[in-house]
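Student: Here it is, the structure in full.
No value in this document is a laboratory result; all are computed from the given coordinates. These numbers come from a predicted model, not from an experiment. In this analysis, Cβ positions are derived from the backbone assuming ideal geometry, glycine residues included, and neighbour counts consider all displayed protein chains.
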Amino acid sequence: MSDKHKPIIDISGDNDTMVVSANSVANEDNAIDNNVVSLPSGKKADVKPYDLSVKHRFIPERLTALEIINERFARQFRIGLFNLLRRNTDVIASPIETQTFKYFSNISSTYHLNLVHLNPLRGSCLFSFSPELVFIVVDTLFGGDGHTNKVATEGREFTHTEQQIIKRVLELALTIYQSAWADIYSVETEYTRSEIQSKFTNITTSPDDVVLTSKFKIEIGSFKATFYICIPYAMVEPIKELLIKPPIEQQTYQDDNVWMSSLTSGIKQSTVELVANFVRIHTSVSKLLALKTNDILMIDKPNQLDVTVGGVPVLKGYYGKVNKQYAIQVEQVINPVIEQLNEGMQND
C-alpha cells in the first residue's frame, strides 16, 4: 500500500469524549498538528495528553454522607468563627470536587497547608487556609476591620504570631470537623505538622492520584476568603459504601424520654370508659333460645372483678359499697402501659 492510500487516524473531542475515524484515502497535503486537531464543525480544540501507564480512578458515585459532613461543618464553623472574632461570619460549603492531587497542589500553592490524620483511617488529609483568611483573622483579632494589603502580604512567609493564630483557627476547625463525622463514622482528628510549600505535603503515592476537595467560602464582614479540606480518595475508599449510603440516624435516649413525656401528657387528656365485668355465665345456644320472661339465672357473687378499657383488662379490684354507692377497690394494675403512665405522672 502506498503512502497516499495509508489510513490516517483523526482524533477529535472535548473534555469527556474522543472520536476516532479512519480515512482510507488522504492527500499528502493533510497534516495533523501536534497540539490542535480539526473538529467536524470546523472548530479547533486543545489536545490534552493522557498517560495510559497511570491508573486514573473514576468515582461515579455521589458521596452523600461526605456532603452532609461538610454542611454540618460549615454551620458549626460559622458559629465558632463568630465566637472567636465577634464579627458577622458566613461559611458556605461548595460541592465536592474530584481532581488529581497535582491539580490541587497548583491551586493551593500559596496556601497555609496543615497535615491532619483522621484516625483510624489510614493516611493524611490537608486543611488549607488561603492567605486572605489568615490576614483577615489576624487583623480582626488585633482590633482591625479585616482589611488586608495584598502588596504587603503577597509572597511572604507567615510570621510566628500569624502561625499561632492560624493554629487557634485550625484547632477550632479540627474539633468541629471531628464532631461533624460523629453520626456517620467515628474519627479522631490529629494535627501532624504545617507546611508552606505543597511539594512537602505528599498525601498521595502519585501526583495523579485522585483526591476529594471540599471548598468552603468564608465571608467575614465585607471580606472574602477560602478554605479547603483535601482528602485522598484512597483514604476513604474502605468506607466508601458508608459514605454513599449514610446510616439512618438513631434516636438517642434523651429523644426517647422527650417523646414518652409528650405522649404521656397527651394520653392524660384522653377520656376512657372503665367497664367492670361483674359476672360471666357460660351457656349453650339452645338454653339461650329457651329463656323466657321472668326466668332466673343463678350466679355466684364474685369477690374480685376485672376492669377493662375497650375490652383490654387494666385493673383488678374488689366489689363493694362506699357512701351508699357501688364501688370497686383497686388491688392490682395488670397492664404495663398503665404502669408506665403512672411512672410518667410521678416524674412530672
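Student: Take residue 172, project a point 7 Å from its Cα along the Cβ direction, then tell me which residues of the range 224-238 have their backbone nitrogen under 18 Å from it.
Tutor: Under 18 Å, as judged by backbone N against the label point of residue 172, lie 224-229 of the range 224-238.
Student: Assuming R0 = 30 Å, can you tell me the calculated FRET efficiency for the pair residue 309 and residue 287, based on Cβ-Cβ distance, to the nearest 0.05?
Tutor: 0.45
Student: Calculate, in nm to one decimal, what residue 321 and residue 164 gain on full extension: separation in residues at 0.36 nm each, minus their alpha carbon distance.
Tutor: 48.2 nm
Student: Another question about this same structure. Let me check I've understood the local charge: for residue 83, count other residues with C-beta under 14 angstrom from its C-beta, Lys and Arg +1, Asp and Glu -1. What total comes out?
Tutor: +4
Student: For residue 333 paired with residue 276, estimate the spin-label separation in nm (one decimal), with each label point 7 Å from Cα along the Cα-to-Cβ line.
Tutor: If labels sit at residue 333 and residue 276, their model points lie 2.0 nm apart.
Student: In the structure shown, do any of 301/324; 102/224; 167/240; 167/215; 301/321 have a Cα-Cα gap over 21 Å, and if so which?
Tutor: Working: 301/324 19 Å; 102/224 25 Å; 167/240 30 Å; 167/215 19 Å; 301/321 14 Å.
In this structure, 102/224; 167/240 lie more than 21 Å apart at Cα.
Student: Could you compute Rg(Cα) / (2.2 N^0.38 Å) for the range 54-143, with N its residue count?
Tutor: 1.30
Student: Quick one: length gained pulling residue 197 to residue 224 fully straight, 0.36 nm per residue minus the C-alpha distance?
Tutor: 7.4 nm
Student: Right, something else. Taking amide H positions as placed 1.01 Å from N in the peptide plane, with prolines and chain starts having none, which residues 5 or more places from residue 315, or on another chain, fall under 5 Å of its amide H?
Tutor: 307, 334
Student: In whole Å and largest first, what semi-axes does the C-alpha gyration tensor of the range 157-286 yield when each eigenvalue is scaled by 5 and square-rooted?
Tutor: On the way: eigenvalues 724, 99, 31 Å².
Semi-axes from the Cα gyration tensor: 60, 22, 12 Å.
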